[in-house]
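Visitor: The structure that follows is given in the form of structure tokens.
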Amino acid sequence: MKFFLRFLLLVLGLASFVRADTSVTYPYPSPPSGSNPAIFPAPRVEWLNNFGSRVVHARQMPEVSIIFDGDSITDFWQGNGKEIWTKYAKLNAMDFAISGDQTQHVLWRLQQGQADNLKPKLIFLMIGTNNVPSCTAEQIADGVKAIIDEYRKVCPDAVVVLQAIFPRDPTPETPNRQKIKAINALISKFDDGKNVIYLDFADKFLQPDGTLSKDIMPDYLHPSAKGYQIWADQINPIINRFFPAARLPLSNVEAAPAAAPAKTP
């Protein structure tokens with residue numbers, strides 16, 4: 001396990017809870033001038049305890065069969081999506097996503113041992129929307145690729161299900177929407193049909209005219225319970241394919257085909 005993670009877990013006392021007096025301070029590094037900030041691994045001081053406690057929780061599980069990772073949109077499976085999440089939890093799903101994270105933060109978590117020694121079959125990844133204000137589409141795509149590469153090193157037998165960044169803002173012509181569209185076009189190329197599959201169901205959240213309703217995303221960013229159901233409708237066929245006994249409910253949708261995990265030599 002990585003040195004910093006060992007230190008952090010020691011500070012946490014290897015407990016499954018975090019007390020207010022166990023805060024850890026760590027300098028926030030700045031990327032070198034002219035470099036791509038989206039691929040420069042960086043922690044966020046405010047979530048170090050949160051990160052450490054999640055790692056402890058994952059090690060206390062009998063096994064971790066599915067990983068969800070990303071930012072608040074994924075983190076809130078246990079908020080607005082909690083009714084569905086209880087079904088995933090029964091399949092030994094672990095949600096490592098932390099609200100506010102950008103690509104560089106997920107990359108740092110992985111390089112500090114987040115998924116070391118875990119053997120998931122599936123990794124659901126969606127990240128990048130929080131990079132939109134400060135990075136170019138190309139920089140964000142590079143950050144996503146760096147995370148995929150890191151997961152492939154740590155969990156070589158898992159299939160990474162790369163999900164397109166969800167739409168945000170009420171109307172389709174906003175700069176955020178346009179940049180997200182450009183990012184998704186770039187990251188769709190990471191699909192290799194085997195170890196990484198790209199899944200884009202962004203249009204399922206939208207009205208026919210491309211607008212986003214508060215019924216689906218009340219703040220035009222985070223899904224409502226109805227939005228999480230739309231999400232589940234798209235990924236449940238993949239989960240059922242890898243976990244036939246799960247028998248998760250299916251709607252009348254077609255999800256992208258999931259490749260079988262690669263065999264290690």
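None of the figures in this text is laboratory data; all of them are computed from the coordinates on show. Bear in mind that the values here come from a model prediction, so they are computed numbers and not experimental data. Cβ placement follows ideal geometry from the backbone for every residue including glycine, while neighbour counts extend to all protein chains displayed.
Visitor: Under 5 Å between amide H atoms, partner at least 5 residues away or on a different chain: which partners does ILE67 have, H built in plane at 1.01 Å?
Guide: MET94, LEU122, ILE123, PHE124
Visitor: Okay, moving on. Gain in length, ARG247 to LYS181, computed as 0.36 nm per residue apart minus the alpha-carbon separation, to one decimal in nm?
Guide: Here the segment from ARG247 to LYS181 would lengthen by 20.5 nm.
Visitor: Let me spell out the model: positive unit charges on the Cβ of Lys and Arg, negative unit charges on the Cβ of Asp and Glu, origin at the Cα centre of the stretch 162-225. What dipole size does that give, in debye rounded to 20? All intermediate terms of the calculation are to be shown ahead of the outcome.
Guide: Numbers: 8 positive and 9 negative charges, 34 e Å.
It comes to approximately 160 debye.
Visitor: Still on this model: Can you list residues from other chains, or at least 5 along the same chain, whose modelled amide H is less than 5 Å from the amide H of ASP200?
Guide: Close amide H contacts, sequence-distant or interchain: ALA164.
Visitor: If you plug each phi of the stretch 106-111 into the Karplus form 6.51 cos²θ - 1.76 cosθ + 1.60 with θ = phi - 60°, what whole-Hz ³J(HN,Hα) values come out, in order, with x for Gly and Pro?
Guide: Coupling constants for the stretch 106-111: 5, 4, 4, 4, 5, 6 Hz.
Visitor: Answer rounded, prolate or oblate for the stretch 72-120, using the Cα gyration tensor with square roots of eigenvalues a ≥ b ≥ c: rounded when a/c is under 1.5, else prolate when a/b is larger than b/c, else oblate.
Guide: Working: a/c = 4.42, a/b = 1.33, b/c = 3.34.
Judged from the Cα gyration tensor, the stretch 72-120 comes out oblate (a/c at least 1.5, b/c at or above a/b).
Visitor: A follow-up question, please. For the ranges 58-65, 160-167, 220-227, 135-142, what's the packing order if you count other beta-carbon atoms within 10 Å of each residue, average per peptide, and put the highest first?
Guide: Final packing ranking: 160-167, 135-142, 220-227, 58-65.
Visitor: Next up: Want the number for THR174 to HIS57: 0.36 nm per residue separation, take away the alpha-carbon distance, what's left?
Guide: 38.2 nm
Visitor: Considering only C-alpha atoms, what is the centroid distance from the stretch 188-242 to the stretch 60-82, in Å?
Guide: Computed from Cα coordinates, the inter-centre distance equals 15 Å.
Visitor: How many nm is it between the label spots at ARG152 and LYS119, if each spot is 7 Å from the Cα in line with the beta carbon?
Guide: For the pair ARG152/LYS119, the computed spacing is 2.2 nm.
Visitor: Residue by residue through the stretch 240-250, which ³J(HN,Hα) values in whole Hz follow from phi under the Karplus form 6.51 cos²θ - 1.76 cosθ + 1.60 (θ = phi - 60°), with glycine and proline marked x?
Guide: 5, 5, 8, 10, x, 6, 5, 6, 5, x, 10
Visitor: Order of TYR198, TYR228, TYR151 from fewest to most other C-beta atoms within 10 Å?
Guide: TYR198, TYR228, TYR151
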